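Here the structure is laid out as structure tokens; the discussion comes afterwards.
Only the coordinates and a few stated rules stand behind these numbers; no lab work does. As the structure is a prediction and not an experimental result, all values here were calculated from the model. With ideal geometry, Cβ positions are generated from the backbone for all residues, glycine too; neighbour counts draw on all protein chains shown.
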Amino acid sequence: MPDDGPRDILGNPVLVAPPMAMLAELTHRCPLACPYCSNPVELARVQTELSAAEWADIFAQAAAMGVLQVHLSGGEPASRRDLTQIATSARDAGLYVNLITSGIGLTETRLRELDGVVDHVQLSLQGIDAEMADWISGYGGSFSRKMQAVEWIRAIGFPLTLNAVVHRQNLDRLPEMIDLAERLGCRRIEVATVQFHGWADLNRRPLMPTQAQAIRAREVVLAARERLRGRMVIDYVPADHHAAHPKSCMGGWGSTGLNIAPDGVVLPCHAAQTIQSLRFDNARERPLAEIWRDSTAFNAFRGTAWLPEPCQSCDRRELDFGGCRCQAMAVAGDAMVTDPVCTRSPLNARLRAEAEADAASDDTALVYRRMSRELRS
Ligand code: SF4
Ligand code: FES
């Protein structure tokens with residue numbers, strides 16, 4: 001890999017365009033304990049969280065470098081008492097502000113404070129009823145509190161997207177999830193099959209969907225899109241392990257977006273810290289634009305010069321850039337190889353066999369995502 005920036009397979013320098021979106025993980029604290037959480041297993045301790053003033057500076061830098069929208073996320077962003085102050089600084093920087101929340105911890109008063117500050121709310125859905133949602137989230141009463149939050153969100157008039165993470169335990173109820181989103185007046189539902197990073201990787205056996213479920217889910221989504229055309233948008237992220245080709249993760253590494261972890265570490269994607277050979281800069285120590293443009297971590301997988309075979313000679317290399325680096329790391333132990341989800345990867349047969357074995361398991365014991373008391377202090 002050249003030291004002087006990214007290159008294409010002909011050796012020509014690649015232009016680094018500014019990012020469009022930024023995910024701001026305000027905290028790793030969360031009242032829920034979802035086993036599919038993409039947060040790292042090593043959560044950031046509360047004491048290291050960026051202050052509201054530091055976030056304001058980051059938002060101003062982001063807007064100056066061309067970022068258009070910020071997604072306030074976590075953990076649960078409402079766990080920050082200064083959420084309104086943080087969101088207001090993002091708004092003042094001129095960013096489109098999307099709040100990604102479980103709804104737990106949002107009171108009507110807090111939501112009203114966010115009126116005119118937050119442009120859009122994205123609410124997670126763990127299940128279609130209390131029994132399923134409370135079990136998956138590891139939080140008794142989460143479903144009823146979430147439905148209460150939806151009522152407030154609708155009364156205030158925030159545009160609402162329901163974000164349903166689907167897996168083997170709830171995929172058979174996908175039609176009901178779509179019906180619920182319609183009944184709740186959502187503009188959009190995002191049906192995202194669990195990605196096995198972070199805590200989700202500890203829950204492969206209970207959560208891995210079967211191939212039959214993946215096929216059925218696609219049919220359900222296509223039929224619902226037809227039925228709801230012009231009324232509600234359905235985004236669908238299918239199961240990786242049953243696809244022929246990988247997705248272009250993050251639209252390509254370091255090409256459209258960046259993540260800021262609660263402690264200020266700047267990441268090309270939410271799971272990037274699993275690639276331990278990379279060194280990640282902190283926004284407390286280096287200007288954001290410089291990190292985006294020049295850091296070794298962001299330049300590690302830009303362009304196409306670094307691509308391994310068979311990607312180098314594949315006509316899809318400009319479409320998926322060899323797939324997800326974190327998945328390559330998780331499965332192969334090497335972030336430089338072709339994403340094993342690809343049928344052209346020598347590891348694909350192994351990946352599929354393991355996914356089928358996980359999907360055939362009758363294990364329903366969930367490893368809940370918990371933050372130790374030490375990290376919460
Ligand atoms: Fe994508 Fe590489 Fe597979 Fe081609 S060989 S489809 S570029 S992952
Ligand atoms: Fe990191 Fe895909 S999650 S590149």
For the range 218-227, indicate whether the set of residues that are in a loop (DSSP other than H, G, I, E, B), out of contact with any Cys (no Cβ under 9 Å at 6 or more places or on another chain) and not aliphatic (A, V, I, L, M) is non-empty. no
Kindly state which helices (runs of 4 or more DSSP H) lie completely within the range 68-162 and contain at least 1 residues that are touching a Cys at 6+ places or on another chain (Cβ under 6 Å) and either without any contact (Cβ under 8 Å) to a residue 24 or more places away in the chain or more than 26 Å from residue 269 (Cα to Cα) (or both). none
Considering only the range 262-281, how many residues are more than 13 Å from ligand 2 (Cβ to nearest atom) and surrounded by 15 or more Cβ atoms within 10 Å (Cβ to Cβ)? 6
Criterion first (within 30 Å of residue 134 (Cβ to Cβ) and within 16 Å of ligand 2 (Cβ to nearest atom)) does residue 355 satisfy it? no
Regarding the range 303-313, can at least one residue be identified that is in contact (Cβ under 8 Å) with a residue 60 or more places away in the chain, more than 7 Å from ligand 1 (Cβ to nearest atom) and assigned to a helix (DSSP H, G or I)? yes
Answer yes or no: is there a residue in the range 342-358 that is within 22 Å of residue 306 (Cβ to Cβ) and under 23 Å from the mean Cα position of the chain (by Cα). yes
Go through the range 231-270 and give me each residue that's closer than 20 Å to residue 20 by Cβ and out of contact with any strand residue (DSSP E or B) (no Cβ under 8 Å at 6 or more places or on another chain). 248, 249, 252, 253, 254, 255
Residues to consider are 9, 86, 104, 58; find the one that is within 21 Å of residue 294 (Cβ to Cβ), more than 17 Å from the chain's Cα centre (by Cα) and β-branched (Val, Ile, Thr). 58
Please determine whether any residue of the range 192-215 is surrounded by fewer than 15 Cβ atoms within 10 Å (Cβ to Cβ) and over 27 Å from residue 320 (Cα atoms). no
So which residues in the range 228-276 are within 16 Å of ligand 1 (Cβ to nearest atom), in a helix (DSSP H, G or I) and either within 14 Å of the chain's Cα centre (by Cα) or over 25 Å from residue 314 (Cβ atoms) (or both), if there are any at all? 249, 250, 251
Reported set for the range 42-56 where residues are more than 14 Å from residue 24 (Cα to Cα) and surrounded by 14 or more Cβ atoms within 10 Å (Cβ to Cβ) is 43, 45, 46, 48
In the range 188-203, what residues are more than 16 Å from ligand 2 (Cβ to nearest atom) and in contact with a helix residue (DSSP H, G or I) (Cβ under 9 Å, 6 or more places away or on another chain)? 188, 189, 191
